[in-house]
Structures are given as C-alpha cells and as structure tokens.
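The values are calculated or read from the model by the stated rules, or taken from the named source; none is laboratory data. Remember, it's a predicted structure, so these values are computed and weren't measured experimentally. So basically every Cβ, Gly included, is an ideal-geometry build from the backbone, and we count neighbours across all protein chains shown. Accessible surface is based on the protein model in full, side chains and every heavy atom, while ligands, DNA and RNA are left aside. Shrake-Rupley method; radii C 1.70, N 1.55, O 1.52, S 1.80 Å.
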Amino acid sequence: MTTQDTDVLIIGAGLTGLTLAYLLKQTPLKVTIIEANTRIGGRILTKYNTNEAAIDLGATWIVPQQSNILNLVKQLDIKLFKQSYGKTAIYHPDNSKQPQLVTLPNNDSVSYRITNGTETIIKTLANTLPEQTIKTNTSVQSLQLKAETILVQTDKQNYNSRYVVSTLPPALFNQKISTQPELPDTLINVLANTHTWMHNSIRVGFTYKTPFWNNQNTSGTIYANSGPLQEFYDHSNATQSLFALSGFMSGSLLHKTKNERQQMALQQLQSYYGDQALEFLSYEECVWQQQPFTTPSYDNFVMPQQNNGHPLFKSTYLNNKLFIAGAETNTRFSGKMEAAVTSAHEVFNLLKAEIK
C-alpha cells in the first residue's frame, strides 16, 4: 500500500470539511480531504430532477442570526430566498380530531433557503479547491501518531499528515476510526454519547406541476401529531415556477419500504388536499439512519443536543495534531450549518497559530 504526504488531512467532505479546506487556501499547506461516501456533502443532500423543483433532504434553512454561514454564502456569491410559510397552517393534533386550518401568529423572523438547493454551497466550495483535493469512496480506518506526523490508514492507501481534522459526527468517529495511542477515556465517553443532528430523521418530498396548496382555505404548511408526516412546507423554487412540498416524516417508519412510506405520506396528503395530492411528479426521501458513512448508530438513547459543543472538543489530541470539528462540536447553533461553518473557522485559526 502506497503512502502519500500531506500537511492537513480532513476526514469528511461535508460543510465543515469543505469550508476548512476553502479557508486553508490562504496558507501554503497542502490539504487532502478523505470522504467515505461516493458523494460529497455529508448531511447536505439535494435531489434534482429535470424540470422539477430541487428537493433538500438534509440541512435546509438559514436564519438571520447565523452570521458565519451567511457570510460564507455571500463570499461565494450564492443567492438566498425567503421560505414561504403563508399566513395559515394545517394543524392535525391527533387521530381523534379532524385537521384544521389555523392562523399562524405574526412573526417578524424569517428563514432563508439556498437558491437551487442547499447542495449548491457544497458544489461551489468543492469547485474552489485544487483538483485531486477530495478523495471519495475512501474510508479512514486508523490514526497512528508518529514522531512528526500522523499515519492515516485508509482502505485505499496511507497518508503521512502533519495534522488531521475529523469533521465526522463525534459518535461516528468513535465507531469507525481507531487511534494509537488511544484517546483519553473521558473524550471517548463524550464522543460515544454525543447526539448527532438528523441521525433519526426521515426527510421526504413530492414535486408537483401546480402549487394547489396556495389555494384559498388551505396551506402548504403542515404540523401534525397524527400520520407519518410531522412537519411539511412549501418547497417550491425561488422563482415560484417549479413546485414541491417537503419536510419530516416520523422516524418510526424506518423499517418500512420506500414505497410503503410514499403511500402512507400520500394518504395523509390526500386527506388534507384531496385527490390532487396524488398527482405528483416525483417522490424523494432520505432515511438518515440508513446512511452508515454519515450518521452513527446508538446502543443507548442519547438526548437531543447531548454533549453538543462539549468543552473537550476545543482541545487537540495526539500531540496537538488531531482536531475534532463539525456541527456537533460547536455551541453556536449546534447541529446546524452555522455550527459547521463556525467550527471550520475555529480550527482554521488554531492551525494558523500552529504553523506560525
């Protein structure tokens, strides 16, 4: 097995890893990104079909308080548009009650979506990097501390790197990658018990020829405690020329087939909108628990946000050569795109200080 030299090896080509590589272009450091999946993006995933609205199945919304992701989007000249919630929502409290149309409270806050889908930011970041920076379909198996470097063993080849940055969800890093010497027991415990954003989520979406939910006495916003769909929103494109509904399905339907989930979702939408809901163009979904290179499995229940932004993630390991980064490692909007970008900036500043 061959061995290559690099200065910074980043594990994971999601938003944190790609943002860090983008920032490191300011330095002379050679960067290599190792991605186990055949695609890049991590928990950012957009499905595209010709002449249909793009469907985001992972990270989707940005709010005005999330300054770091907003600044990055501006730097990359990526356009945003406001999420349409409307003035009313379909509210279905439980099986014993009929769904009702309720008035949404007046709210000055807004949410933004990325024009042409969230994956636009992933593609744009990747296009700024030198060719051969990203190695996909390659799994990191172990890290071994040497005198001046870390030996990174993958299933394809080895790397000697001055620094290694893991951007995997902490629990996934703990499950997939061994280290020599072993990391401190206190850190291993925190890694194993850190909640992973989206790990038990099922995101689904339907595209349509017309936005029938914009008709009077109905809505494209759905909040339901009954049925497979829990939250659903208008997911049409920025110019309101391609139409879709998208949102969250109950994670309890993990073991159903894709066709079964589709039929259950359609039945619920039909009960709200009538037969026009059945005339969809395409159905897309992502069951995040079935993404082994993106989300971990847990033996025990882990509370939402548990250990997110834990102080141990601020430290470096393996003789100050290993950094733990990612959306779960930061307290600023933990689990969201803002936390991913903030984490990349923090590690970038640490690396700059190291090489001075």
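Measure off, as a whole percent, the carbon and sulfur share of the 1.4 Å-probe accessible area of the chain, all protein chains present. Present the calculation step by step, with values, prior to reporting the outcome.
Details: 7490 of 16330 Å².
Its accessible area is 46 percent carbon and sulfur atoms.
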Worksheet entry | Whether the chain is rounded, prolate or oblate, judged on the alpha carbon gyration tensor where a/c under 1.5 counts as rounded | prolate
Worksheet entry | Within segment 249-344, chymotrypsin sites (Phe, Trp or Tyr not before Pro) in DSSP loop having at most 10 other beta-carbon neighbours inside 10 Å | Phe301
Worksheet item: Cross-link partners among aspartates and glutamates for Lys74, C-alpha distance below 15 Å, same-chain residues fewer than 8 apart left out?
Response: Glu338
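Counting other Cβ atoms within 10 Å of each Cβ, which trypsin sites (Lys or Arg not before Pro) in segment 148-236 have at most 15 and sit in a DSSP loop?
Working: sites: Lys156, Arg162, Lys176, Arg203, Lys209; in loops: Lys156, Lys209.
For trypsin sites (Lys or Arg not before Pro) across segment 148-236 that sit outside H, G, I, E and B with at most 15 neighbouring Cβ atoms in 10 Å, the list reads Lys156, Lys209.
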Practice prompt. Could you let me know the centre-to-centre spacing of segment 102-168 and segment 227-254, using Cα atoms, in angstrom?
Written response: 26 Å
Fill in: For segment 119-134, 3J(HN,Hα) per residue [Karplus equation, 6.51 cos²θ - 1.76 cosθ + 1.60, θ = phi - 60°, Hz, x = Gly/Pro]
4, 4, 5, 5, 4, 5, 4, 4, 6, 7, 8, x, 4, 6, 5, 9
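What accessible area per residue, rounded to a whole number of Å², is obtained for segment 199-356 using a probe radius of 1.4 Å?
Numbers: 7100 Å² over 158 residues.
Roughly 45 Å² per residue, with all protein chains present.
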Item to complete: Post the alpha-carbon centroid distance, segment 183-213 to segment 3-67, in whole angstrom.
Response: 16 Å
Practice prompt. Using only the Cα atoms of segment 28-96, construct the convex hull and provide its projected area averaged over every direction, in square nanometres to one decimal.
Written response: 9.8 nm²
Discussion item. Ranking request for peptides 38-49, 123-134, 339-350: highest mean number of other beta-carbon atoms within 10 Å first, then the rest in descending order.
Written reply: 339-350, 38-49, 123-134
Discussion item. Under the rule of at least 5 residues apart or a separate chain, name every residue whose amide H is placed under 5 Å from the amide H of Gly41.
Written reply: Ala13, Gly14
Practice prompt. Classify segment 270-356 as rounded, prolate or oblate, taking a ≥ b ≥ c as the square roots of the eigenvalues of its Cα gyration tensor: rounded when a/c is under 1.5, otherwise prolate if a/b is larger than b/c and oblate if not.
Written response: prolate
Discussion item. Going by amide H atoms built from the backbone, whose H comes under 5 Å of the H on Leu80, apart from near neighbours?
Written reply: Thr115
Worksheet entry | For Thr154, residues with placed amide H under 5 Å, excluding near neighbours | Gln141, Tyr159
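Run lengths n ≥ 4 of DSSP H only: what is the helix-derived mean residue ellipticity at 222 nm for the chain, with -39500 (n - 2.57) per run over all residues, to the nearest 500?
On the way: 7 runs with 77 residues, N = 356.
That comes out to -6500 deg cm²/dmol.
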Discussion item. List the lysines whose Cα sits under 18 Å from the Cα of Lys47, skipping any in the same chain fewer than 8 residues away.
Written reply: Lys123, Lys209, Lys258
Discussion item. In whole Hz and in residue order, list the ³J(HN,Hα) couplings for segment 285-297 that follow from phi through the Karplus curve 6.51 cos²θ - 1.76 cosθ + 1.60, θ = phi - 60°; x for Gly and Pro.
Written reply: 8, 9, 9, 5, 5, 9, 10, x, 8, 10, 10, x, 9
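Give me the dipole magnitude in Debye, nearest 20, for the chain about the Cα centre, with unit charges on the beta carbon: positive for Lys and Arg, negative for Asp and Glu. List each step's numbers first, then the result.
Working: 28 positive and 26 negative charges, 103 e Å.
In total the dipole reaches around 500 debye.
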Worksheet item: Where nothing but the Cβ of Lys and Arg (+1) and of Asp and Glu (-1) is charged, how large is the charge dipole of segment 1-158 around its Cα centre, in debye to the nearest 20?
Response: 300 debye
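Quick check on segment 249-308: take the gyration tensor over C-alpha atoms, sort the square-rooted eigenvalues as a ≥ b ≥ c, and tell me if it's rounded (a/c under 1.5), prolate or oblate. Walk me through the numbers on the way to the answer.
Values: a/c = 2.95, a/b = 2.29, b/c = 1.29.
It is prolate, given that a/c is not under 1.5 and a/b is the larger ratio.
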Discussion item. Straight-line reach from Lys30: which lysines fall under 20 Å, measuring Cα to Cα and dropping same-chain residues less than 8 apart?
Written reply: Lys135, Lys146, Lys156, Lys321, Lys352, Lys356
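What number comes out for accessible area per residue over segment 55-134 if the probe is 1.4 Å? Units Å², please. Write out the running numbers ahead of the final one.
Numbers: 4540 Å² over 80 residues.
Heavy-atom accessible area per residue stands at 57 Å².
Given a 1.4 Å probe and heavy atoms of the protein chains only, how would you sort Asp234, Asp185, Asp94, largest accessible area at the top?
Asp185, Asp94, Asp234
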